[in-house]
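See below for the structure under consideration.
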Amino acid sequence: MTPASIADYQRIARKRLARIAFDYLEGGAEDGHTLRRNRQAFERLTFQPRVMCDVTHVDSAVTVLGRPLAMPAIVGPTGLNGLYMPRAEEDLAKAAHAAGLPFVLSSASTSLIEDVRRATAGDLWLQLYVQQNRAIAESMVQRARDANFSVLMVTVDTPVHGVRDHDVHNGFKLPLRPSVRLMADLLMHPRWCLRMIRQGGSPQLVNLARSLGERANINAQAATMSRQMDMGLDWGAIAWLRKLWDGPIVVKGILSVHDADKAAQLGVDGIVLSNHGGRQLAFAPSPIEILPRVMDRVGQRLTVIVDGGVRRGSDIAKARALGAQAVLLGRAPLYGLAASGRAGVDDVLGILRREFEITLRLLGRCQAAQLDATALDDGHRDQLARLDCS
Ligand SMILES: Cc1cc2nc3c(=O)[nH]c(=O)nc-3n(C[C@H](O)[C@H](O)[C@H](O)COP(=O)(O)O)c2cc1C
Ligand SMILES: CCCCC(=O)C(=O)O
């Protein structure tokens, strides 16, 4: 059967990946409440279409932070992508470029900044985790500048990892360690096992290791990355980052009007409203729920991007109608990657683009840039307020 949707790719990814990898990709914090809430928020919203408009030609392109995007979406940062496919970051970056979208490389990537740049001439952004040893971030930013990355996205919702039971059950750690459970998992997924052997064994956080300058000790560093986050990170870090980086700075992981306002006051260029795909704080709000209030407060001053639960072109239209400039895609491209490598990512991005254009036409809008709250049901604020996440 030809995959027709992101959900189809999710099913294929679930079959093809070893459980340890799929659970890491898919799982949410605690009992999955926030993960579900992200989908429910989109599903609450209904449209208000216009008919008898000439929609012969549609234009899905937008401009975000002065950069052209073929549609209002960005391939977002996800760490440890080498768990799904060898040279995963390079394939994601190439597919994003082919689709006319930027790619955000995670600082927890399994390919080097320099190798990803060599793979594509596309628009690359760097996502930064700030660790206790600030020299690591300084080195990564410098390397990204040298490799002609355009935007710095600092993630601020991860002083510690969220509560992820599945990773505890699976004994998930990098490098992957042999255990009876892992061996059984590998036997059930021989193709995945071969892929890992082909790439030389367990994926590693090579990017981080390069900036640490401790190549001999990559594995130990990868295993301890989460314990090394700078829990003392505060708003003072924005001034420090400004000194390191001339280009646009985006703060990822904002979930309140208060913090959005703070970011605007400090002069950052953009924010990503995000609950980290439901993987960090359990019972966090969904970004879509708070988007209207955030736009009221900072919409004139900042570029606002949202993520969490984007699985359909209609989701992209809803986010844009509520005022977001673009969405970040987290799991969706990874499902394509895990299912069939580069071709799978190309297809996932193609499906989203097609669905987005169909939605535009059915809404009676010719341009993505024309989408605003009039495309949504008049009661959309109530629809979001009534969210029931039982
Ligand atoms: C497997 C996985 C790894 C992630 N790694 C990172 C990361 O390294 N840095 C980061 O800022 N966000 C990371 N995220 C969060 C995503 O950037 C994004 O906020 C989230 O996935 C959006 O939700 P969605 O997956 O429902 O689209 C990760 C998400 C997933 C699913
Ligand atoms: C150490 C890698 C962190 C990746 C991440 O942000 C996530 O799993 O959500």
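The values are calculated or read from the model by the stated rules, or taken from the named source; none is laboratory data. Predicted, not measured: the structure shown is a model, and the values here were computed from it. Cβ atoms come from the backbone with ideal geometry, glycine included; neighbour counts cover every protein chain shown. Ligands, DNA and RNA are excluded from the accessible area calculation, which covers all protein heavy atoms including side chains. Shrake-Rupley method; radii C 1.70, N 1.55, O 1.52, S 1.80 Å.
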Of those in the stretch 303-326 that are in contact with a Pro (Cβ under 7 Å, 6 or more places away or on another chain) and part of a helix (DSSP H, G or I), the residue farthest from Ile351 (Cα to Cα) is Arg320
Within the stretch 24-43, tally of residues that are more than 16 Å from ligand 2 (Cβ to nearest atom) and touching a residue at least 40 places away in the same chain (Cβ under 8 Å): 8
Which one of the conditions (1) touching a residue at least 24 places away in the same chain (Cβ under 8 Å); (2) out of contact with any helix residue (DSSP H, G or I) (no Cβ under 8 Å at 6 or more places or on another chain); (3) farther than 22 Å from Ala368 by Cα does Met295 fail to meet, given that it meets all the rest? (3)
Residue under question is Glu114, and the condition is that it be open to solvent by 40 Å² or more (accessible area, probe 1.4 Å) and among the charged types (D, E, K, R); does it hold? yes
Boolean, Asp372 is farther than 30 Å from Trp125 by Cα and not hydroxyl-bearing (Ser, Thr, Tyr): no
Against the conditions (1) part of a loop (DSSP other than H, G, I, E, B); (2) at pLDDT below 95, where does Met225 fall short? Just the number, please. (1)
Note on Asp157: of the conditions (1) more than 16 Å from ligand 2 (Cβ to nearest atom); (2) part of a loop (DSSP other than H, G, I, E, B); (3) of a type outside the set (Lys, Arg), unmet is (1)
Just one listed residue, out of Val141, Val168, Val104, is part of a helix (DSSP H, G or I) and at pLDDT 95 or above, and it is Val141
Pick from the stretch 179-200 the residues that are surrounded by 11 or more Cβ atoms within 10 Å (Cβ to Cβ) and part of a loop (DSSP other than H, G, I, E, B): which of them is modelled with the lowest pLDDT? Gln199
Kindly provide the set of residues from the stretch 364-374 that are open to solvent by 40 Å² or more (accessible area, probe 1.4 Å) and either among the aliphatic types (A, V, I, L, M) or touching a strand residue (DSSP E or B) at 6+ places or on another chain (Cβ under 7 Å) (or both), ordered by number. Gln367, Ala369, Ala373
Among the helices (runs of 4 or more DSSP H) contained in the stretch 1-50, which hold 1 or more residues that are farther than 21 Å from Gly79 by Cα? 6-16, 33-44
Look through the stretch 82-95, keep the residues that are part of a loop (DSSP other than H, G, I, E, B) and more than 15 Å from ligand 2 (Cβ to nearest atom), and return whichever of them is most open to solvent (accessible area, probe 1.4 Å). Arg87
Per the filter on the stretch 336-384, residues free of Cβ contacts under 8 Å to residues at least 40 places away in the same chain and part of a helix (DSSP H, G or I) are Ala343, Gln370, Asp382
Count - residues of the stretch 160-173 that are over 30 Å from Trp245 (Cβ atoms) and open to solvent by 80 Å² or more (accessible area, probe 1.4 Å): 3
Please work out which residue is modelled with the lowest pLDDT, limiting yourself to the stretch 144-165 and to residues that are among the acidic types (Asp, Glu) and under 23 Å from the mean Cα position of the chain (by Cα). Asp165
Considering Gly122, Gly79, Gly100, which residue is small (Gly, Ala, Ser) and within 16 Å of ligand 2 (Cβ to nearest atom)? Gly79
Would you mention how many residues in the stretch 286-302 are in a loop (DSSP other than H, G, I, E, B) and buried (at least 21 other Cβ atoms within 10 Å of the Cβ)? 2
Being closer than 28 Å to Tyr24 by Cβ, open to solvent by 60 Å² or more (accessible area, probe 1.4 Å) and not aliphatic (A, V, I, L, M) narrows it down to one residue among Arg361, Arg331, Arg381, Arg353; which is it? Arg353
The one condition Thr46 fails out of (1) more than 20 Å from Gly308 (Cα to Cα); (2) open to solvent by 10 Å² or more (accessible area, probe 1.4 Å); (3) of a type in the set (S, T, N, Q) is (1)
Selection status of Ala260, among the aliphatic types (A, V, I, L, M) and out of contact with any His (no Cβ under 8 Å at 6 or more places or on another chain): yes
Does Asp157 meet the test of being within 21 Å of Ile74 (Cα to Cα) and buried (at least 21 other Cβ atoms within 10 Å of the Cβ)? no
Positions within the stretch 120-154 being farther than 23 Å from Ala88 by Cβ and open to solvent by 20 Å² or more (accessible area, probe 1.4 Å), in sequence order: Gln132, Asn133, Arg134, Ala135, Glu138, Gln142, Arg145
